[in-house]
Amino acid sequence: MKKQIIVILFLIFTSLQFTSVFAQQRFPKPEFESGHTQPPTLKPEARAPILEYLDIVVLLVSLSLVTWLVLKKRSRIGVLLMSIFSIAYFGFFREGCVCSVGSLQNIVLAIFNPGYHIPISVLVFFAVPLLFSLFYGRTFCAAVCPLGAIQDFFLLRPVSMKAWVQSVLGVIPYIYLGLSILYAATSTDFVICRYDPFIGIFRLNATFMMFVLGGAFLLISMFIGRPYCRFLCPYGVLLNLTSRLSKKHLTITPAACIQCRLCEDSCPFGAINKPVPAKVAEDRKTIIRRYSWMIILIPVLMFIGGWTVASFHETLAKVNPKVRLASIIHENPTILDEDTSIDIDAFRSSGKTRAELFTEAADIVSDFYLGGWISGAFLGLVFGLTLTKLTIIRYRIDYTPNKGTCFSCARCVDYCPVVKDKIEIKTLKI
Amino acid sequence: MSLVEHKKIGVNVKLWKSIAVIAGVFAFLICFLVIANYIQINRLDPVNTEAINTLVKRLSENPNDEALRNEIRALDLLVRKAYFTNQWQVRAGGYILLFSIAVMLIAIQIVRTTTPINPIIDESVKENDQVFKKLSRKWISIGGGAIIVIALVLTFLTHDKLEKTFKEAAIIASTDAPELKEDTPNRKVSTAITEESTNEDEVAHQGSDAQLNVKVVVENVAISEAPSEKTTTPSKASGVPDFVLEARKNFPSFRGANSLGVAYQKNIPTNWDGASNQNILWKVKPNLKGYNSPVIWGDKLFLTGANKQTREVYCYNKNTGALLWTKVVDKIPGSPGTGPDVSEDTGQAAPTATTDGKNVYAIFANGDIIAIDMQGKQVWAKNLGLPQNHYGHASSLLVYGDKVIVQYDQGKSPKVMALSAQTGDELWSTPRQVKISWASPVIIDRENQTEVILIADPSIAGYDIQTGKELWKIDCIYGEVGPSVAYSDGIVFGLNEYASLVAIDGGNSPKVLWEDFDYLSDVPSPVATKDLLFVVTSYGVVVCHNAKTGEKYWEHEFDNGFYASPIIVEDKIYLIDRDGIMHIYKASKEFELIGEPALGEGVVSSPAFADGQVFVRAEDHLFCIGKGN
């Protein structure tokens, strides 16, 4: 039966290759006498509406299937096979776009720019994985996200990292999230997409530096599990938060944990909460005092964060193409007389005056100042809450997945000797 | 599923191990070959090989050695072929390498997943939660602090009060003359107009550049004060040149004299039927297809037709339909010969010809332009360069006095130019900062000024017909502009699908009077009377606006869409749809249908008119419709 499912999936995927043949471009590409051929673009072509709806269906089916494989079947091999499908379909076939990770920028842009109409497929790709995560944990990360799946495939010799290192590096995605929201809200750039290390691999087309970056990430992935997902992915921040609320999350053991420690190092992502015995507890007064200080510290950190990023806003704003162009023209007004770059040429063709450009640039810088305060306060809040969380000691008896950071990859379930209500005796040795 | 159950699903671990090993070895070999090939490509310079260089040296000593020349060519071809084959091999090798690595990884992961595990429990390693949290707190604090310090240091180093600087720069730029580039007088004019600097005193101190602005503004003031011409009423108003009055007696260009969409002919039939030949005086089939419209001078009617290989101009007797002559347009100096690849619904002969009664002027998609006298003899011809136009060049020619106006808004170096009607020499040429346009020029005659009005993304602009100088420009349009402008009583109307309909006061300080977004067009051009504007959409809706305010008087939806443009004749509008049904209705504030005669053949070209006659180029035939058959 499983083989049949695989065959059916393969056939569906293969047949999809031909559907694009029927997608007709509205404007045919010109053919020149010179024999010039259009250079390949770095962006995927727009998809036919029917294919967009098909993508939505495939997403829903994949998520449901993976969730079922993880929660009901507890099947690592099933997750693995779905990963292959996701890399092939969402990665290479759909050329990694639109992905849920990048979609959050579209959402932000739609909120801050009323003129931007968000496509329904983007909305679904953003919301559905979060909904699944809210109820069932990060099954999207397990085998549907092509970015996670491709890293997972390269994981050959996992090296365990110190927990505190993971904890410190785990703050980076929040910073990346803050910056990507700031840039999307100011209509500056979709930085998540621009610096997606795997998109070039999926499209077999990228700048040399992006190929190097993608290759470096895959190389690191051989030893450190999913470095992008754990220490960069801004969408992972949202999934982390929603997944913490999930009621039906993957469990390591199908029944009661017997504290056998067999699963202790099974997670290459360090996402297993280990038992914390009561004897490690600090003095209660010390904990309360530190906790109180942290609560007071949070608004202070928010202010410091806001003030710092707001002060830094000019440097951030210089990424904006209009601000950059305005700076160039302001520094060198005669540049308009020379055909020096495509930006200058485009500005000249636009018919805009310098006054208009400078006014727009000033407005954008002003937006960055306000956005800097908000982003900085958000980062201050993140630092404050993270530090606060690290002051709390939670006693635990069992080995449980960390609902926030667990990718529901189902590796750990194979380490548990418990089968439903009995203990399976293992004499397993390679 | 527990480990022991893996056996049940039938995963053959040994097989997958073998696959992993084979794929790995294969990937290694391919990788080696690709690298070797890549090095070979980098070492090989196909245009600078030792063998060829030696032969070239020998050839330079003996330049007449044809055999050696051919040998060099053959060798050069061989080297280039080898180079591109190597490139292909690297590319194909890359794909194979990727595939083999993927297979290897899949096999390894399947083996790893299905192989029983032997967890190692190290009793000596026991993590202390307190230590972990303490270290985490410490390093997060240090990391956060470091970020703040780095950000503040960078802020200190790079702080240059951008917002304030830009605001000040904007104020300076809005009044600063040096912004106006000396080498681009066109932009000077547009900048001045955009910023509406009409106060002479304000700009007087700005030096010579500013004086130019003032001059233009003054010119425009003079224009606005001149009595505006009522374009719908032919009259011998003073200031209208004789050749324009003569042109109005005919139908000399796309959308009539000056391309205003007005025909001055009389007794035009309103009833005919193509199926029964009722009122069809004659019909002929032109040799080659073309989407251009007929033009008429005297008893002669002109059309053009073309395919990729051949371009022709036809002259018919308008009363009998007899083909008087056909001029094959070939042997044009600099012509690429074959036409470019264009879209089917534009074709090789989309621009309509124009005539002044002495010559007929025609242009084709490959940039060939020709002047032919009334007897079919070539007067002059030239190639303007292959237009970079992905659908195909479609802007029609327009003759005015001794000038043939060519709107050449193509991808590379868009421009408008005037060629001498007698010699084809360029009289003036003005570069335009616009995108490709398929619209045609329109000429506005005034007492002291004649303007060529052009529309293309991003602007509608007026040019002095005598010098080509840009007189005014308003950025108000975008997209792939097909419809030409309409004009009446001092107001220019321009529109494009997905953009807007704009009414521009073409007088002093040109400005947008009103805008509308409801009904737009991507092919048919609008037409205007003194008080009314008629907009025709390509999907079949016709809308009547108050020309002064934009208020909609009526809208009417017809069954078929339109590509042809409406023409005003005798207070009636003639508008033919894509099925060949002519919708004739009153050019009035209320919709009043007069007739809907059908031709029985699809039509995309606009009709032409002579006294008592209508001429329509349909899909296959050219029809002459008149009373009395």
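Just so it is clear, none of the values below were taken in a lab; they were calculated from the coordinates. All values derive from a computational prediction rather than experimental measurement. Ideal geometry is used to build each Cβ from the backbone, glycine not excepted, and the neighbour counts take in all protein chains shown.
Counting Cβ atoms of other protein chains within 10 Å of each residue's Cβ and taking the mean over peptide B:101-110 gives 4. With the convex hull of the Cα atoms taken as the outline of the range B:3-114, the averaged projected area works out to 8.5 nm². Dividing the summed helix terms, -39500 (n - 2.57) for each DSSP H run of n ≥ 4, by the number of residues in chain B produces a 222 nm estimate of -9500 deg cm²/dmol to the nearest 500.
The count of lysine pairs in the range B:296-376 with alpha-carbon distances below 17 Å, taking only pairs 8 or more places apart or on different chains, stands at 7. In the range A:63-86, whose amide N lies under 12 Å from the spot 7 Å out along Cα-to-Cβ of A:I258? List them in ranges. Within reach of a label on A:I258, which here means backbone N under 12 Å from a point 7 Å along Cα→Cβ, the range A:63-86 contributes nothing. Between the residues A:F217, A:T207, A:F190, the greatest Cα displacement towards the positive end of the dipole of the range A:157-241, with unit charges on the Cβ of Lys, Arg, Asp and Glu, is found for A:F217. Taking the charge dipole of the range B:242-626 about its Cα centre, with +1 at Lys and Arg Cβ atoms and -1 at Asp and Glu Cβ atoms, the residue from B:Y408, B:L533, B:I436 reaching farthest to the positive side is B:Y408. Dipole magnitude for the range A:282-389: computed about the Cα centre from +1 point charges on Lys and Arg Cβ and -1 point charges on Asp and Glu Cβ, it is near 940 debye.
The radius of gyration of the Cα set in the range B:245-339, together with its Dmax, comes out at 15.6, 48 angstrom.
Potential lengthening of the chain between B:A92 and B:R43 amounts to 15.7 nm, from the contour at 0.36 nm per residue minus the alpha-carbon distance. Computed 3J(HN,Hα) for the range A:346-363, one whole-Hz value per residue from the Karplus formula 6.51 cos²θ - 1.76 cosθ + 1.60 where θ = phi - 60°, is 5, 4, 4, 5, 5, x, 6, 8, 5, 4, 4, 4, 5, 5, 4, 4, 4, 4, glycine and proline marked x.
Modelled this way, with points 7 Å down the Cα-to-C-beta line, the labels at B:D402 and B:E71 are 6.1 nm from one another.
Fewest-first ordering of B:K403, B:K266, B:K473, B:K627 by other beta carbons within 10 Å of each residue's beta carbon gives B:K266, B:K627, B:K403, B:K473. Shape analysis of the range A:147-271 based on the Cα gyration tensor places the equivalent ellipsoid semi-axes at 29, 19, 13 Å, largest first. A simple packing score, the average count of other Cβ atoms within 10 Å per residue, orders the peptides B:52-62, B:377-387, B:487-497 as B:487-497, B:377-387, B:52-62, with the highest score first.
Computed about its Cα centre, the charge dipole of the range B:242-626 is approximately 1180 debye, with only Lys, Arg, Asp and Glu carrying charge at their Cβ. Highest average first, the peptides A:317-324, B:28-35 ordered by how many other beta carbon atoms sit within 10 Å of their residues are A:317-324, B:28-35.
Among rounded, prolate and oblate, which fits the range A:282-389 when a ≥ b ≥ c are the square roots of the eigenvalues of its C-alpha gyration tensor, a/c under 1.5 means rounded, and a/b larger than b/c means prolate? In terms of gyration-tensor shape, prolate.
Across chain B, the relative contact order, built from alpha-carbon pairs under 8 Å that are at least six residues apart, equals 11 percent.
In terms of distances greater than 30 angstrom between alpha carbons, the cross-link table entries A:K247/A:K274; A:K162/A:K248; B:K249/B:K283; B:K285/B:K552; B:K266/B:K589 yield B:K285/B:K552. The P(r) of chain B has a tail past 40 Å containing 49 percent of all C-alpha pairs. Among the residues of B:147-157, the average count of other protein chain beta-carbon atoms within 10 Å of the residue beta-carbon is 5.
According to the calculation over all Cα-Cα pairs in the range B:477-598, the P(r) per 10 Å bin from zero is 15, 49, 31, 5, 0 %. Mean partner shielding of peptide A:71-82, defined as the number of other chain Cβ atoms within 10 Å of each residue Cβ, is 3.
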